[in-house]
Amino acid sequence: MFRDVLSRALDLAKQRGATSAEADLGSGHGLNVTVRNGEVETVEHQRDKGLSVTVYLGRRKGNASTTDFSEAALAATVEAACTIAGFASEDDCAGLIEPRWLAREVPDLDLDHPWEISADEAIALAEGCETEAKSADPRIANSDGTVLGTYQGTHLYANSHGFAGGWNWTSHSVDCSVIAADGGTMQRDGWYTKARDPRDLEDLRAVGRRAAERTVARLGARRIPTRKAPVIFEAPLAGGLFAAFVTAISGAALYRKASFLQDSLGTRVFAPFVSIREEPHLPKAIGSAPFDADGMATRPRDLVRDGTVMGYVLSAYSARKLGMEPTGNGGGVHNVVIGHGDLDLPGLLRKMGTGLLVTDLIGFGINQVTGDYSRGASGYWIEGGEIRFPVEEITIAGNLKDMYRGIVAIGNDVDRRANFKSGSVLIDGMTVAGG
């Protein structure tokens, strides 16, 4: 049925006079439950669908979308897209990707694992996770909620070059957050698990215990004097460092000349041992995709090898703007895997000796034009390779160019729950501003 909707939208675009057109469709349903202090706060059943149609009148582009798949709604949506294109300016880089780049096969990446779970069963699991967290330590004084979510979706794309493809996918998660109190002070933290397959979720009792442990460990946090010090970004945060890198080498930033890594292809940006690889075809992985938003086949490739930038991140449009070839990144990157060494997090702490372990970041203080980096943070002060006390209300600052070159080691404690898969990262020095 959904493929027929795409086909009909393209036919209508052709009838309306479009020289080419493309359409993508998303549909899905899910369940979310929230439990707090043993009480059910929310039970939400989701059902979503949407169609986006893009038409080209020569080099003029128009787009419109709808959630109604009836014949009348499809006709109105195509009409709206064509009207918009009629008013648009000519853009020599606009248009569908060249047919030679389109995916010829759509491999099964094992992304579809529905979780047939009722609301009552989901509530019971969330309650069990929260109960484990609250019973793990007497200082756990309150719950900030435990959320269990499951979603099953379909993604389809087609264009007037004759390409049509798509896949089904699922995503499941449980997130537990609690509050600890001691001596008149309170702290909040938590933990979560996420996977395509519900059988791959972390044991929910372990999620609750880890949420409690992380929260209690933050009690007694203090500020520290301003200084220059080595910094470790804990694995769940480290991916953000590399996400900023990917943004900087993405086509939109480059052709607008709004990147601190302008003209960086073939230059050494990171410490010489750093490798960054895009792996779009990892089975069951959160970021996997057989083709991108342009219909181009994705492929494994090195973004960084031996610290050197090996390739940019380009859609069909941005590649034309830069006079380069597309890289299968219409819509973004897929499973960015950061190479790591043999040290676990305790090993990184020992290697650092004295410095700051960052476990939480606040704000979005990254200037993608200059590379300046400044964010609120909390974590732990390390001396002698061991945690001495928790810290809060501090700011860490530097420049991403210096931070990338200053990477000393990357741990083997890889966080695989997100699109950027990195272990903890040790940087030789940043400004740590406290009280």
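The values are calculated or read from the model by the stated rules, or taken from the named source; none is laboratory data. Owing to the predicted nature of the structure, the values given are computational and were not obtained by experimental measurement. In this analysis, Cβ positions are derived from the backbone assuming ideal geometry, glycine residues included, and neighbour counts consider all displayed protein chains.
Inside region 68-94, can you point out the residues that are out of contact with any Gly (no Cβ under 9 Å at 6 or more places or on another chain) and surrounded by fewer than 18 Cβ atoms within 10 Å (Cβ to Cβ)? Within region 68-94, Asp68, Ser70, Glu71, Ala72, Ala73, Ala75, Ala76, Glu79, Ser89, Asp91, Asp92, Cys93 meet the criteria. Of the residues making up region 376-406, those that are within 28 Å of Gly339 (Cβ to Cβ), β-branched (Val, Ile, Thr) and surrounded by 20 or more Cβ atoms within 10 Å (Cβ to Cβ) are Ile382, Ile396. For region 121-143, a residue qualifies if it is crowded, with 19+ Cβ neighbours inside 10 Å, touching a strand residue (DSSP E or B) at 6+ places or on another chain (Cβ under 8 Å) and either outside any helix (DSSP H, G or I) or not assigned by TED's automatic domain parsing to the domain that holds Gly183 (or both), and the qualifying residues are Ile140, Ser143. None of Ala64, Ala73 is assigned to a helix (DSSP H, G or I), assigned by TED's automatic domain parsing to the domain that holds Cys129, modelled with pLDDT of 95 or more and of a type outside the set (Val, Ile, Thr) except Ala73. A count restricted to region 308-327 and to residues that are touching a residue at least 60 places away in the same chain (Cβ under 8 Å), in contact with a Pro (Cβ under 9 Å, 6 or more places away or on another chain) and closer than 26 Å to Pro272 by Cα stands at 1.
Scanning region 236-243 finds one or more residues that are within 28 Å of Ser52 (Cα to Cα) and assigned by TED's automatic domain parsing to the domain that holds Ala289.
Looking at Ser288, Ser259, just one residue is under 30 Å from Ile117 (Cβ atoms), hydroxyl-bearing (Ser, Thr, Tyr) and surrounded by 16 or more Cβ atoms within 10 Å (Cβ to Cβ), and that residue is Ser288.
Scanning region 29-53 for residues that are on the phi < 0 side of the Ramachandran plot and small (Gly, Ala, Ser) returns Gly30, Gly50, Ser52.
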